[in-house]
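A quick write-up on the structure given underneath.
The values are calculated or read from the model by the stated rules, or taken from the named source; none is laboratory data. Since we're looking at a predicted model, the values are computed, not measured. No Cβ is skipped: glycine too gets one built from the backbone with ideal geometry, and neighbour counts run over all protein chains shown. Accessible surface areas use protein heavy atoms only, side chains included; no ligands, DNA or RNA. Shrake-Rupley method; radii C 1.70, N 1.55, O 1.52, S 1.80 Å.
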Amino acid sequence: MLTVVERFVSINGEGAHAGELAAFIRFKGCNLGCSYCDTKWANSRGAVGIEYTADSLVDWVERKRVKNVTLTGGEPLLQEDIEVLITKLLSMGLRVEIETNGSLPLNRFIGVGARPAFTMDYKLPSSNMESAMRRDNFKLLCEHDTVKFVAGSIDDLDRAREIIEDYRLSERCHVYLSPVFGKIRPSEMVDYMIEHEMNGVRLQLQLHKFIWSPEKRGV
């Protein structure tokens, strides 16, 4: 069974397929507690979740007739039956994206045959969660994957640049910088990218927070 707090169709608000339609399944629970988390309501023990089988979620996706599926949270990889769901969705020829917080191993999802695309966070110092990051995941990523750095300060940007350079991430996968909403101006981030010649790195704003209220759910 998989515990879901919401499911809906909207546009991808970020990542390599930003602006495209996607069927979202948001799972309950997370093993981290980031300072800027915008889905704390989905992570608490008291969050209201509904248990579904993998087959019932696949049926829901099939009815929506959308080719992109985003599994998010919380932290979707904590779900006991997540591998079953991923396998079933991939067998339908869908593009499956996993939004994961960077603290869990990805090797069990990468083998022979089709695999999901990963959008993996690297938590920067202002998140208070950097110590939980698994940098060994970097070597598993490819051109279909993304590493996302959510920055709330110049110090965060310094750390992101260090990690990007040390692991040559922009040669391996998509790399995005995104601001903590309301903490750092996007223009500051652009100036920083220019100053440090951050070629191969993209600034991305969360589209859904500009189209709808930042607090709105189900979008």
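Checking each residue in region 185-200 for being surrounded by fewer than 16 Cβ atoms within 10 Å (Cβ to Cβ) and either of a type outside the set (D, E, K, R) or part of a loop (DSSP other than H, G, I, E, B) (or both) picks out Arg185, Pro186, Ser187, Val190, Ile194, His196, Glu197, Asn199, Gly200. Picking from residues in region 163-184 that are among the basic types (Lys, Arg) and modelled with pLDDT of 95 or more, the one that is surrounded by the fewest Cβ atoms within 10 Å (Cβ to Cβ) is Arg168. Close contacts from region 35-63, counting a first residue that is closer than 26 Å to Asn128 by Cα and a second that is aromatic (Phe, Trp, Tyr) and open to solvent by less than 40 Å² (accessible area, probe 1.4 Å), with Cβ to Cβ under 9 Å and a gap of 6+ residues or different chains, come to Ala42/Phe27.
Every residue, every condition in (1) without any contact (Cβ under 8 Å) to a residue 60 or more places away in the chain; (2) among the acidic types (Asp, Glu); (3) under 25 Å from Phe24 (Cα atoms); (4) out of contact with any Lys or Arg (no Cβ under 8 Å at 6 or more places or on another chain), yes or no:
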residue: Arg108; (1), (2), (3), (4): yes, no, yes, yes
residue: Pro116; (1), (2), (3), (4): yes, no, yes, yes
residue: Asp121; (1), (2), (3), (4): yes, yes, yes, no
residue: Ser126; (1), (2), (3), (4): no, no, no, no
residue: Asn137; (1), (2), (3), (4): yes, no, yes, yes
residue: Cys142; (1), (2), (3), (4): yes, no, yes, no
residue: Val147; (1), (2), (3), (4): yes, no, yes, yes
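Restricting attention to region 13-42, the residues that are under 27 Å from His144 (Cβ atoms) and outside any loop (DSSP other than H, G, I, E, B) total 8.
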